[in-house]
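Asker: Questions regarding the structure given below will be posed in turn.
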Amino acid sequence: MMRHAFIALGLLFSNVFGQRAEDFTTALAQAKSNKSDIVVFVHGSDWNRPGEAAAKIWNDPRFLTSVGPGVLLVDLDRKETQTDAEKAAFKKNEGGNPPVRSLPAVALYDADGRLVGSVSGTEEMESAGGLLAATKKLLVTRRERDELWKVADGASAVIKAGKLGQGLDRMNIGLGPKGIYKPVLEAIQKADPEDKSGYAGKYTFSDEALVGLALKSAEAKNYGEAESEFAKWDRNPRLSPTQRQQLQAAKFALYQRWPEKKSEVRPILEKMRDIDPKSELGQAAANYIELLFATKRKKDEPPA
């Protein structure tokens with residue numbers, strides 16, 4: 001009788017507070033049964049010192065009580081030196097090893113084991129308000145995504161595609177690692193075959209393909225083919241700032257090789273810069289403007 005009481009009490013607290021899981025494989029099996037979120041904390045205990053400061057917060061019992069009900073917590077230690085036992089244990093975390101840029105990091109997976117988002121590195125973590133605040137923001141992202149997709153379930157055509165696309169936008173991870181959200185894209189394309197919402201275009205956009213088209217068209221001196229394709233993408237209202245910059249970069253590749261369009265090179269670079277001056281592409285555009293047109297000014301200046 002007492003044993004059943006303890007089990008019931010344990011289940012009660014797991015629904016009220018977070019719960020630690022031994023590894024991602026175990027957490028995923030439990031998450032699928034209980035429709036739980038899985039939070040993965042990534043650090044490197046034998047080399048990443050900032051991660052160990054965050055680990056103290058992660059391991060504090062108060063983290064469990066603060067993170068929210070029904071959340072499963074998985075600790076993923078990317079140690080440089082691992083014992084055979086640790087290597088074997090790490091394999092059970094492979095499904096929840098997020099593609100983060102730096103450590104420490106925290107990532108959220110939904111009940112189906114799909115990545116929802118991550119916060120990586122000390123700077124990002126501090127900007128989010130710390131480990132707990134970053135975790136809670138990721139949980140809000142998943143809830144808001146699901147609310148949008150719930151609306152999509154009861155809609156059709158452009159509205160359905162729009163809500164599905166907004167859910168992808170809310171996560172801001174494209175189609176996810178290994179294209180895990182490709183079925184969402186397929187649902188968008190099915191609901192909106194003419195892509196009136198613009199979301200099918202956004203999530204099939206390829207800057208490499210556009211640059212390749214620019215170079216191929218220039219080589220064949222069939223410039224109009226690429227220009228028409230670029231105009232189609234210009235009309236898509238859903239492209240992200242980075243995608244719009246990449247579109248300008250493809251135009252730059254074309255117009256640099258199109259004698260009649262040389263005069264449009266600078267406006268394209270200026271647009272690419274102005275979309276987001278602080279981004280890598282924005283700074284690259286500014287550098288090209290200085291390189292190409294400052295040099296031209298010097299050539300045009302009369303000798304002293």
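Asker: Kindly list the number of the only condition in (1) modelled with pLDDT of 95 or more; (2) surrounded by fewer than 19 Cβ atoms within 10 Å (Cβ to Cβ); (3) not polar (S, T, N, Q) that fails for L291.
Answerer: Among (1) modelled with pLDDT of 95 or more; (2) surrounded by fewer than 19 Cβ atoms within 10 Å (Cβ to Cβ); (3) not polar (S, T, N, Q), L291 violates only (1).
Asker: A further question on this structure: Could you grab the pairs with beta carbons closer than 9 Å, sequence gap of 6+ or different chains, first residue in the range 101-118 and on the phi < 0 side of the Ramachandran plot, second one of a type in the set (D, E) and part of a strand (DSSP E or B)?
Answerer: From residues that are on the phi < 0 side of the Ramachandran plot, the pairs are L108/D37; Y109/D37; D110/D37; A111/D37; V116/D37.
Asker: Could I ask something else about it? Pairs please, first residue from the range 279-295 and farther than 13 Å from R266 by Cβ, second anywhere and in a helix (DSSP H, G or I), Cβ atoms under 6 Å, 6+ apart in sequence or on different chains.
Answerer: Correct list of pairs: L281/Q245; G282/R273.
Asker: Name the helices (runs of 4 or more DSSP H) wholly inside the range 198-265 in which the number of residues that are surrounded by fewer than 14 Cβ atoms within 10 Å (Cβ to Cβ) and over 26 Å from the mean Cα position of the chain (by Cα) is 1 or more.
Answerer: Working: elements: 199-202, 207-219, 223-234, 241-255.
Ranges flagged: 207-219, 223-234.
Asker: How many residues does the range 89-141 hold that are closer than 23 Å to E52 by Cβ and either touching a Cys at 6+ places or on another chain (Cβ under 7 Å) or of a type in the set (A, V, I, L, M) (or both)?
Answerer: So the count comes out to 15.
Asker: Quickly run through the range 34-81 and pick out the residues that are in a helix (DSSP H, G or I), without any contact (Cβ under 8 Å) to a residue 60 or more places away in the chain and either out of contact with any strand residue (DSSP E or B) (no Cβ under 6 Å at 6 or more places or on another chain) or not assigned by TED's automatic domain parsing to the domain that holds E22 (or both).
Answerer: Listed by number, the residues that qualify are R49, E52, A53, K56, N59, P61, R62, L64, T65.
Asker: State whether the residues of the range 227-238 include one that is more than 30 Å from V158 (Cα to Cα), modelled with pLDDT of 95 or more and not aliphatic (A, V, I, L, M).
Answerer: Scanning the range 227-238, I find no residue that is more than 30 Å from V158 (Cα to Cα), modelled with pLDDT of 95 or more and not aliphatic (A, V, I, L, M), so the answer is no.
The values are calculated or read from the model by the stated rules, or taken from the named source; none is laboratory data. Note that the structure is predicted; figures quoted are calculated from it, not measured. Neighbour counts are summed over all protein chains in view; Cβ atoms, including those assigned to glycine, are modelled from backbone coordinates with ideal geometry.
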